[in-house]
1. Show the residues, 5+ positions off or on another chain, whose built amide H is closer than 5 Å to the amide H of TYR111.
2. Under a 10 Å cutoff between Cα atoms, tell me which one of ILE36, ILE81, ILE47 has the largest fluctuation in the Gaussian network model of the chain.
3. Quick check: pseudo-label points 7 Å beyond the Cα along Cα→Cβ at ARG156 and LEU97, how many nm apart are they?
4. Relative to the present Cα-Cα distance, how much length would full extension add between ALA108 and ARG74 at 0.36 nm per residue of separation?
5. Just tell me which lysines come within less than 24 Å, Cα to Cα, of LYS73; anything on the same chain fewer than 8 places away is out.
6. Which one, [x] 1.01; [y] 0.94; [z] 1.09, gives Rg/Rh (Cα atoms, Kirkwood Rh) as derived from the coordinates shown?
7. Would you be so kind as to identify which of VAL65, SER48, ALA31 lies farthest towards the positive end of the dipole of segment 31-113, taking Lys and Arg as +1 and Asp and Glu as -1 on Cβ and the Cα centre as origin?
8. Where does the chain land at 222 nm, in deg cm²/dmol rounded to the nearest 500, when only DSSP H runs of n ≥ 4 count, each adding -39500 (n - 2.57), divided by all residues?
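We did not get these values from a lab; they are worked out from the coordinates using the rules stated. Since we're looking at a predicted model, the values are computed, not measured. Glycine gets a Cβ as well: all are built from the backbone with ideal geometry, and neighbour counts include every protein chain shown.
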Amino acid sequence: MPAPVTTDSVWETLEKHVFAVLAYVTPAGEARSAGIVYIVADRNFYISTGTDTWKVRHIRQNANVSLTVTIPKRLPFLPFIKIPAAVATCQGSAEILGVDEVDAAIVARLYRGMEVTEEIRRNTSVIKVAPRDDFVTYGIGVSLARMRNPEDARGRVPVAS
């Protein structure tokens, strides 16, 4: 029986975390990925990065991306026991924006209280990822005991409800 996961429960989980792996494709068709820090706003992911980074260059050529968020799992009082992380992953379309093209409230959350100087505005881009199709999950909405059975731990829900 698949995990009892819902679109809303996945979004609620993703909003509580900040780290993900963003995967994209180079113009030569090679797969690449980068660890990123994100925020969620209006059911889109926002990522701040340097304007001249490889991920910006590659995404300008091909906007199809994948985003994977790992959610740590732990046993209370037994932190030395290694537990696999839960995961949510999705495909999306990425858009490269200037800082001034993004709502000020989103920029404030993205920069976590830092002053957004003119230099930051000049040298920084924001990647907006609009997820599409489904979230594929593992271990979200299930107990640690149920995570041992892959059939029970897997889930799939639409990104939009």
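1. Answer set, sorted by chain and number: none.
2. Comparing ILE36, ILE81, ILE47 in a Gaussian network model of the chain, the most mobile one is ILE81.
3. The two pseudo-label positions are separated by 3.1 nm.
4. Length gained between ALA108 and ARG74: 9.1 nm.
5. Straight-line reach from LYS73, under 24 Å: LYS16, LYS82.
6. The value matching this structure is [x].
7. Farthest along the dipole direction, towards plus: ALA31.
8. Helix contribution divided over all residues of the chain: -5500 deg cm²/dmol.
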